[in-house]
Amino acid sequence: MFDVLILGGGVSGISCALVLGSAKNKAFVTDKKIGIFTHQKNSSLQEAIFYNAYGITPGKLGSELLTESTHDLATTYPHITQIPNEKAIKVEGVYPEFTVTTNKNSYQSKNVIIGIGSANTFDIEGLMQYVEPHKKALPEKKRIQLKNDDHKVADGIYVIGTLAGWRSQLAIAAGSGAAVATDILTLWNNGVQTHAHDSIR
């Protein structure tokens, strides 16, 4: 049983995982099991190049960033389980007992975070009732989002990145993933507002 499963290895998903991973030494996190599906085949980063993203060398290819980010996550926070080459097709259950079914396996988790992009090909069974037109995308793009209140879709289900209704911008997607990570940390800390910082002090 995972305490949280992140669906999507793009900017928002990896950002969420990094923040959760950085909190590993907090007493209320040490026993938590965190997983992330790093299936990236359809990530919009595959065709991106960056000149306007904070902290990223100008000219960096999105495809390079995808590869480097999963490697960095594995190196820095090896306690986070990466599940590659699996695509989620169904989410069922209610908080705190969800089953996520992929094209290969099924997993149990107390919380599920969805960050797989806003294409109208979204077809995860059990979440279709939350689909609505994307409020910040051009109508001709036919983008979708999941209905949410500050990233929360339902108890135990969160959405991040463009699928949460945010614009497709790397910094926005990263911030969205980090925001939900701090919400999860707050949940684990019995509702006490919580975040995680790395420091040289």
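The values are calculated or read from the model by the stated rules, or taken from the named source; none is laboratory data. Just so it is clear, the model here is predicted, and its values are computed rather than measured. When we count neighbours, we look across all protein chains shown, and the Cβ atoms used for this are built from the backbone with ideal geometry, even at glycine. Each accessible area value is taken on the protein alone, full model and side chains, heavy atoms only, with ligands, DNA and RNA left out. Shrake-Rupley method; radii C 1.70, N 1.55, O 1.52, S 1.80 Å.
General remarks:
- Number of the condition not met by residue 33 [criteria: (1) farther than 16 Å from residue 174 by Cα; (2) modelled with pLDDT under 95; (3) in contact with a strand residue (DSSP E or B) (Cβ under 8 Å, 6 or more places away or on another chain)]: (2)
- Taken together, the residues in segment 38-55 that are surrounded by 15 or more Cβ atoms within 10 Å (Cβ to Cβ) and more than 17 Å from residue 167 (Cα to Cα) amount to 3.
- Residue 98 meets all of the listed conditions (1) under 16 Å from residue 12 (Cβ atoms); (2) out of contact with any Phe, Trp or Tyr (no Cβ under 7 Å at 6 or more places or on another chain); (3) not polar (S, T, N, Q) but one, namely (1).
- Residue within segment 46-54 that is more than 15 Å from residue 173 (Cα to Cα), without any contact (Cβ under 8 Å) to a residue 40 or more places away in the chain, part of a helix (DSSP H, G or I) and under 16 Å from the mean Cα position of the chain (by Cα) present: no
- Flag for residue 89 being open to solvent by 70 Å² or more (accessible area, probe 1.4 Å), over 17 Å from residue 32 (Cβ atoms) and within 14 Å of the chain's Cα centre (by Cα): no
- Residues of segment 145-169 satisfying the condition of being on the phi < 0 side of the Ramachandran plot and buried (at least 23 other Cβ atoms within 10 Å of the Cβ): 146, 158, 159, 160, 162, 163, 164
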